[in-house]
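Working notes, structure below.
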Amino acid sequence: MDLIIASLALASAMIHPLREFIMKGSRYPEAGYLGIVALWIPLTLIHTLIVGADLGSAWGVWPIVLLSYLGFFLFYVGMIETIKRGDLSVYYPIARASPLFIVVVGFLFLGHRYSPVLLFGIGLVLLGAFFLQYKRGARFLRQPAALIGALVAMSGTGIYSLADAEAMRTVEPMVMMAWVYILLVPSCALYFALTRPRGQHIIAHLLAGWRQTPVRFVAAAVLSYLSYYLILVTYQLGGNVAAVGSLRLASIPVSVFLGGRYLKEADMRTRLAWSLVLTGGIVVIIIAR
């Protein structure tokens, strides 16, 4: 893999966990995610104006835009249901296993071909990522709704990754993100409103978090925007979508470090060992041809 592409993907991975770290412990996860999604719209429009990109260029790849939107919607819905119903340490690794989804779909339906070395590297990354956050003794089927949510989130990530990689051949990253998130905001707002707890007012459910932690929401939105913009640039430069997706899993050791250093989470030695397995997979992906 080209070192510039790898560097951008790893930089994105270093930034990405900061969103979850900032949002940790939020009393209003739906309001938080909706706030982040909504803030991406002005961010993309300002970015588009600064670089002079053409928003109308997305019409030429509109079916791909819709596919990306569908993937993002599935991701947010799946993650919210997983957060609300299950142990994140058990199901988050499944939600992040999108490189496996990308490889299978790409091979079966899109004619993608992968070298054995690259597949080995992806396998190491997935193995390390899984055991980094898997809780010993936990049973997957104990919380079926959370498992389904994680699988939906994984599929969503794979769908929008494949769609975005294809779109980056013809449109600018901020143009793609602008249209996807213009479609995403009303969809997420409607879903969160329909699934709110019984008796909770719709306005309070969707907007309450803005009173308590407005700066937290803004910071999370800006950081997550920067993180995904870097990923779209890697696709623009010709990055392999499965390999780039695997490099993004480098965010997991960062989240482990943040959890151990600042949140005093346990099992750091075991997690460090699996971090080294994941890192080895990243090295293999970078040197693979």
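The values are calculated or read from the model by the stated rules, or taken from the named source; none is laboratory data. Because the structure is a prediction, the values reported are computed rather than measured. Note: ideal-geometry Cβ built from the backbone for every residue, glycine included; neighbour counts use all protein chains shown.
Among the residues of the range 215-234, which ones are farther than 20 Å from Leu34 by Cβ, surrounded by fewer than 23 Cβ atoms within 10 Å (Cβ to Cβ) and more than 13 Å from the chain's Cα centre (by Cα)?
Val233
Inside the range 33-60, can you point out the residues that are of a type in the set (Ser, Thr, Tyr) and at pLDDT 90 or above?
Of all residues in the range 33-60, those of a type in the set (Ser, Thr, Tyr) come to 33, 44, 48, 57.
The answer is Thr44, Thr48, Ser57.
Out of the range 203-219, which residues are part of a helix (DSSP H, G or I), in contact with a Phe, Trp or Tyr (Cβ under 9 Å, 6 or more places away or on another chain) and either farther than 18 Å from Tyr76 by Cα or hydrophobic (A, V, I, L, M, F, W, C) (or both)?
Going residue by residue through the range 203-219, those that are part of a helix (DSSP H, G or I) are 203-207, 209-212, 214-219.
From what is left, the residues that are in contact with a Phe, Trp or Tyr (Cβ under 9 Å, 6 or more places away or on another chain) are 204-207, 209-210, 212, 217.
Listed by number, the residues that qualify are Ala204, Leu206, Leu207, Trp210, Gln212, Phe217.
When you go through Leu74, Leu45, Leu49, Leu67 one by one, which is the residue that is under 20 Å from Met176 (Cβ atoms), touching a Phe, Trp or Tyr at 6+ places or on another chain (Cβ under 8 Å) and in a helix (DSSP H, G or I)?
Only one candidate passes the filter, namely Leu67.
Only one residue in Thr170, Thr157 is among the hydroxyl-bearing types (Ser, Thr, Tyr), surrounded by fewer than 18 Cβ atoms within 10 Å (Cβ to Cβ), modelled with pLDDT of 75 or more and within 21 Å of Leu230 (Cα to Cα), so which one is that? Steps first, please.
On the way: Thr157 fails: surrounded by fewer than 18 Cβ atoms within 10 Å (Cβ to Cβ).
From the options Thr170, Thr157, the qualifying one is Thr170.
With respect to Ile64, determine if the residue is modelled with pLDDT of 80 or more, within 30 Å of Thr48 (Cα to Cα), touching a helix residue (DSSP H, G or I) at 6+ places or on another chain (Cβ under 8 Å) and β-branched (Val, Ile, Thr). So that I can check it myself, show each step before the final result.
Working: modelled with pLDDT of 80 or more: yes; within 30 Å of Thr48 (Cα to Cα): yes; touching a helix residue (DSSP H, G or I) at 6+ places or on another chain (Cβ under 8 Å): yes; β-branched (Val, Ile, Thr): yes.
Yes, satisfied.
Residues checked against (1) among the polar types (S, T, N, Q); (2) closer than 16 Å to Val171 by Cβ; (3) surrounded by 18 or more Cβ atoms within 10 Å (Cβ to Cβ):
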| position | (1), (2), (3) |
| --- | --- |
| Leu34 | no, no, yes |
| Val37 | no, no, yes |
| Pro42 | no, no, no |
| Ile46 | no, no, no |
| Ala53 | no, yes, yes |
| Gly60 | no, yes, no |
| Val65 | no, yes, yes |
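Which residues, taken from the range 200-254, are aromatic (Phe, Trp, Tyr) and at pLDDT 85 or above? Walk me through it before giving the result.
Our first condition is that a residue be aromatic (Phe, Trp, Tyr); within the range 200-254, this holds for 210, 217, 225, 228-229, 235.
Correct list: Tyr225, Tyr228, Tyr229, Tyr235.
Looking at Leu119, Leu141, which one is modelled with pLDDT under 70 and either at negative phi or more than 23 Å from the chain's Cα centre (by Cα) (or both)? Walk me through it before giving the result.
Details: Leu119 fails: modelled with pLDDT under 70.
Unique residue meeting the criteria: Leu141.
Kindly check whether there is at least one residue in the range 166-181 that is closer than 26 Å to Ser12 by Cα, of a type in the set (Asp, Glu) and part of a helix (DSSP H, G or I). Show your work before the answer.
Taking the range 166-181 and keeping what is closer than 26 Å to Ser12 by Cα, we get 166-181.
Those still in the list that are of a type in the set (Asp, Glu) too: 166, 172.
Still in the running and part of a helix (DSSP H, G or I): 166.
Yes, the range 166-181 contains at least one residue that is closer than 26 Å to Ser12 by Cα, of a type in the set (Asp, Glu) and part of a helix (DSSP H, G or I).
Read through the list (1) assigned to a helix (DSSP H, G or I); (2) at pLDDT 85 or above; (3) closer than 30 Å to Val171 by Cβ; (4) not acidic (Asp, Glu), then give the number of the only condition that Leu100 fails.
Looking at each condition in turn, Leu100 falls short on (2).
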